[in-house]
Amino acid sequence: MVYNSDASEIDTSAAEAFEKFLVPTIFGPWSKVMVNHAEAKVGDSLLDVGCGSGAAARYAKSIVGKFGSVSAIDLNEGMIAFAQMLDKNNEIDWQKGDVTDMPYKDQSFNIVAGNQLLQFLPDKDKGLKEMKRVLKQGGKLALTIYCPKNKNPAHEAIAKALENNGVASKAVTHPFSFGDPILIGDLIQKAGFRDISVVRKQMDSYFNSAEHFIESLAAGGPSSRHALEQLDSSGLKKLKAEVTKSLTEFVDPNKGLRVITTANLALATA
Ligand SMILES: C[S@@+](CC[C@H](N)C(=O)[O-])C[C@H]1O[C@@H](n2cnc3c(N)ncnc32)[C@H](O)[C@@H]1O
């Protein structure tokens, strides 16, 4: 919990769980892949869009150094407050705001990067045009967007088990709902970008067990916790048993459950 300037409370519990369980395993590694894909270097000015608890922003700061700058924006008050709290030396400019209407001047950055954000924007075209507006001419856009759920089997198993237990799985499947690379490329082009590439990459992450993976999503999954919280404790127990059974082939006796995530990495020039 942190406090606003007017002393009202901001609930950071979901952001804390996200940072503790899902950033080291999934979102942190993907954020690094994205920032590296944009070829960020010393002196760059980078904006992390939909920054969550700030994994990409912090990694980018370690690359751009003191002669570069990093800004980060997210709609979720708890995420931004928690990210700001982690930034002990105030090295990053944090903003609570909507990426479809950002508080930055035209041509402010030479990289705009967003890990798992685009699929959540109701108006993706507006969001991409706004990213183009704040980029300098020749600046780079780097985005990662999950492929469809059949390329993300652990999440797909949870979605199936939720439906089997009478709970709508949309909150779990939504992050995997904009996975067509052609559509992604077309939309980026329509927003005025050039030199567009979209490549697919797979990553393996390990959780102690299927149960641990489900508990991590239930505590900190930005989208999926909203579906999992519909279950009472006996429903959750049943779901854990079903998912454990369906993911047996992904269990490594030494490393635990292998959670495969597959995403499209989009790169373009403004
Ligand atoms: C799946 S999380 C990814 C967070 C972060 N990029 C990471 O990789 O750790 C998606 C984030 O996008 C944010 N988001 C969704 N719609 C947004 C919008 N219109 N403007 C700003 N942030 C948004 C959410 O609040 C959430 O923190």
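Only the coordinates and a few stated rules stand behind these numbers; no lab work does. Small disclaimer: the values here were computed from a predicted structure and weren't measured. Cβ coordinates were reconstructed from backbone atoms using ideal geometry, including for glycine residues, and neighbour counts include every protein chain displayed.
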(request) Taking a cut-off of 17 Å between Cα atoms, list the aspartates and glutamates near Lys149, but don't count ones fewer than 8 places away on the same chain. (result) Glu163, Asp180, Asp204
(message) Helix-only mean residue ellipticity at 222 nm, the chain, DSSP H runs n ≥ 4 weighted -39,500 (n - 2.57), per residue, nearest 500. What is it?
(response) -10500 deg cm²/dmol
(message) I need the peptides 146-154, 36-44 ranked by packing, meaning the mean over residues of other C-beta atoms within 10 angstrom, with the highest value on top.
(response) 146-154, 36-44
(request) Name the most mobile residue of Ile214, Ile196, Ile73, meaning the one with the largest mean-square fluctuation, in a Gaussian network model of the chain with Cα contacts below 10 Å. (result) Ile196
(message) On C-alpha positions alone, give me the angle between the axis of helix 55-64 and the longest principal axis of the chain, in degrees, nearest 10.
(response) 40 degrees
(request) With only alpha-carbon atoms counted, please give the Rg and Dmax of the chain, in Å. (result) 18.5, 55
(request) Report the extension gain between Ser234 and Thr248 in nm, rounded to one decimal, defined as 0.36 nm multiplied by the number of residues separating them, less their alpha carbon distance. (result) 2.9 nm
(request) Would you calculate the separation in nanometres between label points at Lys190 and Lys88, each defined as 7 Å from the Cα along the Cα-to-beta-carbon direction? (result) 4.6 nm
(message) To test your reading of the geometry: what angle, between 0 and 90 degrees and rounded to tens, separates the Cα axis of helix 181-190 from the longest principal axis of the chain?
(response) 30 degrees
(message) Straight-line reach only, C-alpha to C-alpha below 26 angstrom: list the lysines that Lys66 could link to, leaving out same-chain residues fewer than 8 apart.
(response) Lys32, Lys41, Lys88, Lys96, Lys105, Lys132, Lys136, Lys140
(message) Using a 7 Å offset from the Cα along the Cα-to-Cβ direction at both Tyr206 and Lys255, what is the distance between the two label points in nm, to one decimal?
(response) 0.6 nm
(request) Could you order peptides 176-183, 11-18, 114-121 by the average number of other Cβ atoms within 10 Å of their residues, highest first? (result) 114-121, 11-18, 176-183
